[in-house]
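The values are calculated or read from the model by the stated rules, or taken from the named source; none is laboratory data. Just so we're clear, the structure is a prediction, and the values are computed from it rather than from any experiment. Glycine gets a Cβ as well: all are built from the backbone with ideal geometry, and neighbour counts include every protein chain shown.
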Amino acid sequence: MTRHFTPPSHDASIMPAMLIEAARCWRDARDSRKPVQPSLFAMLSRTGHGMLAPVFDSIMTLVEGVSGRRIATGTGPSLSEDEHRLIGMLDEASPSSGDSGLVAALDCAVKSLRILLTRPIGITTARLAA
């Protein structure tokens, strides 16, 4: 049996950069006690990905829950160890190992992000975000 899969869109190739930018925005909003999802939405809307704000919020919250500690972010071009782990998590078939409900939820959130980034973003959506 032959299966045909749509190749990842160009959006899938920008996932690591978007993840780091979202992680830093999320960390900044949490640390400064600003509303997280509106902050993420504003940042992600610049590239037409505003609707991914809840996904990134969930992923970061779950990563902290699974790790049991606050996630550290880098500055400028320097990535923190946690940011390297986030990128690695997106490259793996399954982001974490374990049996907890948090690990399963994180796995689902990462898979959802991968799926959403392979779907094309329509011009209408990008214009609405502008």
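Data table
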quantity: Failed condition for Val36, given (1) under 19 Å from Val110 (Cα atoms); (2) more than 12 Å from the chain's Cα centre (by Cα); (3) buried (at least 17 other Cβ atoms within 10 Å of the Cβ); (4) modelled with pLDDT under 95; calculated: (4)
quantity: Residue in segment 12-20 that is surrounded by 14 or more Cβ atoms within 10 Å (Cβ to Cβ), modelled with pLDDT under 90 and in contact with a His (Cβ under 8 Å, 6 or more places away or on another chain) present; calculated: yes
quantity: Any hit, segment 59-69, residues being closer than 17 Å to Met15 by Cα and not β-branched (Val, Ile, Thr); calculated: yes
quantity: Close pairs (9 angstrom Cβ cut-off, 6 or more residues apart or separate chains): modelled with pLDDT under 50 in segment 104-130, assigned to a helix (DSSP H, G or I) and aromatic (Phe, Trp, Tyr) anywhere; calculated: Ala129/Phe41
quantity: Residues being closer than 15 Å to Val66 by Cβ, of a type in the set (A, V, I, L, M) and surrounded by fewer than 13 Cβ atoms within 10 Å (Cβ to Cβ) - total across segment 100-117; calculated: 0
quantity: Index of the failed condition, Cys25 passing every other in (1) in contact with a Phe, Trp or Tyr (Cβ under 9 Å, 6 or more places away or on another chain); (2) modelled with pLDDT of 95 or more; (3) within 16 Å of Leu113 (Cα to Cα); calculated: (3)
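Residue by residue, here is whether (1) hydrophobic (A, V, I, L, M, F, W, C); (2) at pLDDT 90 or above; (3) part of a loop (DSSP other than H, G, I, E, B) holds:
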position: Glu83; (1), (2), (3): no, yes, no
position: Met89; (1), (2), (3): yes, no, no
position: Ser94; (1), (2), (3): no, no, yes
position: Ser97; (1), (2), (3): no, no, yes
